[in-house]
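The values are calculated or read from the model by the stated rules, or taken from the named source; none is laboratory data. Every value quoted in this text rests on a predicted model; they were computed, and no experiment measured them. Quick reminder, even Gly has a Cβ in these numbers, built from the backbone with ideal geometry, and neighbours come from all protein chains shown. Quick note on the areas: whole protein, heavy atoms, side chains included, nothing else; ligands and nucleic acids left out. Shrake-Rupley method; radii C 1.70, N 1.55, O 1.52, S 1.80 Å.
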Amino acid sequence: MYYNEKTTIFLDGKWIKATDARGGLYSQTLHYGSGVFEGIRSYKTEDGPKIFKAKEHFERLHYSAEKMHITLPYSTEELTRLSYELLERNELENAYLRPLVFLGENMALRATAETHVLLCAWNWNRYLGDHQLSVMTSSFQRPNPRSCFVDAKVTGHYTNSILATEEAKRKGYDEALLLDMNGFVAEGPGANFFFEKDEVLYTAPLGNILSGITRQTIFELCAELNIPVVEKLFTPKEVYEADGAFFTGTAAEVAAIKSLDGNNFNLSWEETLGSQLSSAYLNRVQKKEYKLFELV
Ligand code: PMP
C-alpha cells in the first residue's frame, strides 16, 4: 500500500528504490521513539501538483527536531525542492508525503548525533474517510505538556494516539476525542477538533495540542468568510449540545462528526459551517478558488 517495487524514496542524500532501503535495528528511534516527522499533502492543480503549505510543514519539522535535540541537515527550501522531485520521480500528484527524521545507533538516553532523513510519498485517501463520524471521549488523555513537547511532531507521541484510536474502534466508534490533563477537550489522535454553536466555532487553544496547519487554514478561511471562531477551553458536556463538529488535519482534511458519546448534533452536516469550510478548504488546496470568482 505504501510502496511497491517501482517506488523511489529519498534517504540520506540518495534516491533509491524503497525495496532496497535498509534501516538500523539499533536506531534510537526504534527503541525509544525519539524521531520527528511530518504529514503533508500535495494536490493536483491546473498548474501541476502543488504541495499545500510546504513551508509551514518543514518549519514545524525543524521546530520538532530542535525540541528533540535532533540535527536536521536540510533547510526548508531544500526539503521543499526535494519533495517536488519525489513527486516527479514517483509520478504522483494527489499524494501524501511523509518526511521522517530518524536516529542512528544509540542505546543511551542522550541526544544522538547521527540522523537519517527519509522522504517518501504515496496515494492516500482521506484519513478518516468520507462518512460522518461517531466519536467517543477517550479514556486516554493527551500527554501532559510538562512531560514532553506536545506541539512537536515526535514519533513516540503517537503511542498515545494509537491507544486512543484502538480503544474507540474496539468500542464500535469511528474515532476518539482526547481530553487534556484537566478534563478539557484537546484534540483527536491525529487531528484538531472544532465544534459549532449558534453560528460560532470553538476550538481548544494551543498548550495541550499539536498546532495544526489545517487548524490555522480554518482560521484563515473563517476570517475571509466572516465566520467567528473562538479558542477556549471546553468540556465534552458542552460539545453534547453543539450544532455540529469536525476534525481538521492534513490527512483527514475537514472531517464531519455526527455525534460525541452517542449525542447527535443539532444540525445535519450539510447545514453546518463545517460543511461550508470543508468545501472552502478543498477549493483552497486545489487552487480552485479563482473559478468561484469567475462565476460571480
Ligand atoms: N493533532 C495531531 C495529534 C496530529 O497528529 C495532527 C496531524 N498532523 C493534527 C493535530 C493536525 O495537524 P495538521 O493540520 O498540521 O496536519
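Annotation: extensible slack from Glu91 through Glu238 equals 48.3 nm (criterion: 0.36 nm per residue apart, minus Cα-Cα distance). Amide hydrogen proximity for Thr250: with H placed 1.01 Å from N in the peptide plane, the residues at 5 or more positions away or on another chain lying under 5 Å are Thr214.
Would you mind working out the accessible area per residue for the chain, using a 1.4 Å probe, and quoting it in Å²? Solvent-accessible surface per residue comes out at 50 Å². Springs join every pair of Cα atoms under 10 Å in this Gaussian network model of the chain, and among Leu119, Leu179, Leu206 the largest mean-square fluctuation is at Leu206.
To the nearest ten degrees, helix 54-67 and the longest principal axis of the Cα atoms of the chain are 70 degrees apart.
Counting Lys and Arg as +1 and Asp and Glu as -1 over every other residue whose Cβ lies under 10 Å from the Cβ of Asp151, the net charge comes to +3.
For the stretch 169-205 and the stretch 239-278, what is the separation of their C-alpha centers, rounded to whole Å? Using only Cα atoms, the two centres lie 10 Å from each other. In the chain, the longest principal axis of the Cα atoms and the axis of helix 273-285 are about 30 degrees apart. Accessible area ranking (1.4 Å probe, heavy atoms, ligands and nucleic acids excluded), largest first, for Trp15, Trp122: Trp15, Trp122. Its DSSP H runs of at least 4 residues, each contributing -39,500 (n - 2.57), put the calculated 222 nm mean residue ellipticity of the chain at -8500 deg cm²/dmol, to the nearest 500.
Would you be so kind as to identify which of Ile40, Ala54, Met1 lies farthest towards the positive end of the dipole of the stretch 1-106, taking Lys and Arg as +1 and Asp and Glu as -1 on Cβ and the Cα centre as origin? Farthest towards the positive pole: Met1. Normalised by residue count, the chain yields a Cα convex hull volume of 137 Å³ per residue. What angle, in degrees between 0 and 90 and rounded to the nearest 10, separates the Cα long axis of helix 158-170 from the longest principal axis of the Cα atoms of the chain? That helix lies at roughly 50 degrees to the long axis. Between the listed residues Leu177, Val254, Ser268, the Cα displaced farthest toward the positive end of the dipole of the chain, a dipole computed from Cβ unit charges relative to the Cα centre, is found at Leu177. Accessible area per residue was computed with a 1.4 Å probe on protein heavy atoms; Asp198 scores about 110 Å². Among Glu224, Glu77, Glu199, the largest mean-square fluctuation in a Gaussian network model of the chain (Cα springs under 10 Å) belongs to Glu224. Past the 28 Å Cα-Cα mark, which pairs from Lys237/Lys288; Lys14/Lys153; Lys17/Lys44; Lys67/Lys287; Lys53/Lys232; Lys232/Lys258? Pairs exceeding the cut-off: Lys237/Lys288; Lys67/Lys287. Diagonalising the gyration tensor over the Cα atoms of the stretch 133-286 and scaling each eigenvalue by 5 before taking the square root yields semi-axes of 23, 18, 14 Å, largest first.
The order of the peptides 147-156, 31-40 by mean Cβ neighbours within 10 Å, most packed first, is 31-40, 147-156. Computed over the alpha carbons of the stretch 225-296, Rg followed by Dmax gives 14.2, 44 Å. The amide H of Thr8, built 1.01 Å from its N in the peptide plane, has Ala18 as neighbours under 5 Å, considering only residues 5 or more places off or on other chains. Within the accessible area of the chain, the carbon and sulfur atoms contribute 51%, probe 1.4 Å, all protein chains present.
What does the charge add up to near Glu56, with Lys and Arg as +1, Asp and Glu as -1, over the other residues with Cβ less than 14 Å from its Cβ? With Lys, Arg at +1 and Asp, Glu at -1, the neighbours total +3. Amide H to amide H distances under 5 Å link Ala121 with Arg98, where only residues 5 or more positions off or on other chains count and H is placed in the peptide plane.
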